[in-house]
Amino acid sequence: MKKILKLNHGLHGTFEIPGDKSISHRSIMLAGLGDTPVEITNFLRGADCLSTISCMRAVGVKIEEFEDKILVTGNGLKGLKEPENILDAGNSGTTVRLLLGLFAPQKFLATFTGDDSLRKRPMGRVIKPLTQMGATIVGRNGNKNLPITVLSPFGKIRGINYEMPVASAQVKSAIILAGLYADEPTEIVEPYPSRNHTEKMLKSFGVKIETSGKVVKVYPPERIFAPEKIVVPGDISSAAYHIVLASILPDSEITIKNVGINETRTGILDVMKKSGAKIEILNERESGGELSADLKIVSSKLHGTEYGGEIIPRLIDEIPALAVAAAFAEGDTIIRDVGELRVKETDRLDAIVREFNKISPGSFEATEDSLIIHGGREKFFAGCKTYADHRMAMSAAIFGAAAEGVEIDDEDCIKISYPNFFDSF
Ligand code: S3P
């Protein structure tokens, strides 16, 4: 239980946010496929990425943790070993979905499980294409849920052409990783482009991978050439809480340093600016194929807006924070095509409506796949449940701070993606 008080002043300061969660996961997985040591800095030591470390160690990758870096030494693309025990992915969808793709072609058996939330989340979306590629995967509840076992494939892994029904970087990445071991190239078409960190990192590892809009084609390599260093940029999904809070709290001016601004992740900047936010992108730079910059945010008067479709995968994890921004905007905000939020760490549409309406009654409504926020309504002190969902916890915290305070039932879940959130907050 944690009580957050109403903030009676604006935010000021310059600070950094932790490393990007998606890139941190991929840095461990891909470095583990090389055969030379890779030094990873600004790695996110959140619980989800630690789950990836423990699963990759279990298949024989050497991973050493130092205060300022992680050192990963793999045994080559074909050097993964059978894990001796069940693999626990904890709360992490990225760990289990990507590793199902990576382990499906291996000549071993691996069984994954996860926590209460992860065991409820849909896994059929990765099992289906991987099975088409020739993998043998069996899971609970008719091949839909964890625990899931992946068996050594009977034959070769086939390159496929796959049209994805949902825009999902986790599904796309699982197919790409399995495609590294296929007998011919694999082509994937998404309904809309999702985050492309796997593609960018693989390119920087020398893998031939062609991308154009919604289409990705991966050519199976003989070998992976891991770089000596990977520098993980700050996580824009963690910056989101500060971007929103500084925008809605009067008299604020903050600079968040070293934020990843890969174009597949910057939907939050686009919609915040569209609703009147003052955000400047400074000192743009590139590292390992990923762009980063410093973001300067000054408080502003927000107005309601409407968005959906193509932009949704570019801000999918930021919607709880954006819902808070919308509650402080003048007029209504309509967010369409967000049915995927129902299968995140919790049903986030349901959680937003249930919990955020306690702070601002009558402000939040949801349909099966959209969210409507009536901005500018009265706000009260309230107790909110997080449903053990890190993004619900941090969004409720900023909502309370900008409203009349809040008490959240479980603050511990923030360790999934932003362990020092309350300190920087
Ligand atoms: C992620 C992809 C997204 C996102 C998740 C991280 C990734 O999930 O919500 O937090 O690292 O690939 P989906 O691929 O299911 O949309």
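The values are calculated or read from the model by the stated rules, or taken from the named source; none is laboratory data. Everything numeric here is computed off the predicted structure, so don't read it as measured data. Positions of Cβ are generated from backbone atoms using ideal geometry, with glycine treated the same way; all protein chains shown enter the neighbour counts.
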(request) Working only within segment 278-301, note down all residues that are out of contact with any strand residue (DSSP E or B) (no Cβ under 7 Å at 6 or more places or on another chain) and touching a residue at least 40 places away in the same chain (Cβ under 8 Å). (result) 289, 299
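Could you list, in sequence order, the residues of segment 60-73 that are in a loop (DSSP other than H, G, I, E, B) and either under 13 Å from residue 230 (Cβ atoms) or without any contact (Cβ under 8 Å) to a residue 24 or more places away in the chain (or both)? I'd like the intermediate steps shown before the answer.
Initially, segment 60-73 is screened for residues in a loop (DSSP other than H, G, I, E, B), giving 60-61, 66-69.
Selection gives 60, 66, 67, 69.
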(request) Could you pull out every one of the strands (runs of 3 or more DSSP E) wholly within segment 271-380 that has 1 or more residues that are within 16 Å of the ligand (Cβ to nearest atom), within 30 Å of residue 209 (Cβ to Cβ) and modelled with pLDDT of 95 or more? (result) 290-298
(message) Filter segment 299-330 down to the residues that are among the small types (Gly, Ala, Ser) and buried (at least 20 other Cβ atoms within 10 Å of the Cβ) and list them by number.
(response) 321, 323, 325, 326, 327, 329
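Look at segment 256-270 and say how many of its residues are of a type in the set (A, V, I, L, M, F, W, C) and surrounded by fewer than 22 Cβ atoms within 10 Å (Cβ to Cβ).
Filtering segment 256-270 for residues of a type in the set (A, V, I, L, M, F, W, C) gives 256, 259, 261, 268-269.
Then drop every residue that is not surrounded by fewer than 22 Cβ atoms within 10 Å (Cβ to Cβ), which leaves 261.
Qualifying residue count for the region: 1.
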(request) Look through segment 1-46, keep the residues that are in a strand (DSSP E or B) and farther than 20 Å from residue 242 by Cα, and return whichever of them is nearest to the ligand (Cβ to nearest atom). (result) 40
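Taking segment 24-52 as the region of interest, how many residues are over 22 Å from residue 260 (Cα atoms) and out of contact with any Ser or Thr (no Cβ under 9 Å at 6 or more places or on another chain)?
Our first condition is that a residue be over 22 Å from residue 260 (Cα atoms); within segment 24-52, this holds for 32-37, 51.
Subsequent filtering for residues that are out of contact with any Ser or Thr (no Cβ under 9 Å at 6 or more places or on another chain) retains 33.
Qualifying residue count, segment 24-52: 1.
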(request) Enumerate the pairs (first residue in segment 403-425 and free of Cβ contacts under 8 Å to residues at least 12 places away in the same chain; second residue anywhere and assigned to a loop (DSSP other than H, G, I, E, B) and of a type in the set (A, V, I, L, M, F, W, C)) with beta-carbon separation below 9 Å, excluding pairs fewer than 6 apart on the same chain, so at least 6 apart or on different chains. (result) 412/388
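I'd like to verify a number: residues in segment 74-89 that are free of Cβ contacts under 8 Å to residues at least 60 places away in the same chain and more than 19 Å from residue 226 (Cβ to Cβ), how many?
The number of residues fulfilling the criteria is 7.
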(request) Consider only pairs whose beta carbons are under 6 Å apart and that are at least six residues apart or on different chains; among these, list those whose first residue lies in segment 196-210 and is closer than 17 Å to residue 263 by Cα and more than 14 Å from the ligand (Cβ to nearest atom) and whose second residue is aromatic (Phe, Trp, Tyr) and outside any helix (DSSP H, G or I). (result) none
(request) Test each condition in (1) surrounded by fewer than 17 Cβ atoms within 10 Å (Cβ to Cβ); (2) within 18 Å of residue 276 (Cβ to Cβ) for residue 362 and report the one that comes out false. (result) (2)
(request) Quick one: residue 176 ticks every box in (1) closer than 25 Å to residue 262 by Cα; (2) within 16 Å of the ligand (Cβ to nearest atom); (3) part of a loop (DSSP other than H, G, I, E, B) except a single one, so which number is it? (result) (3)
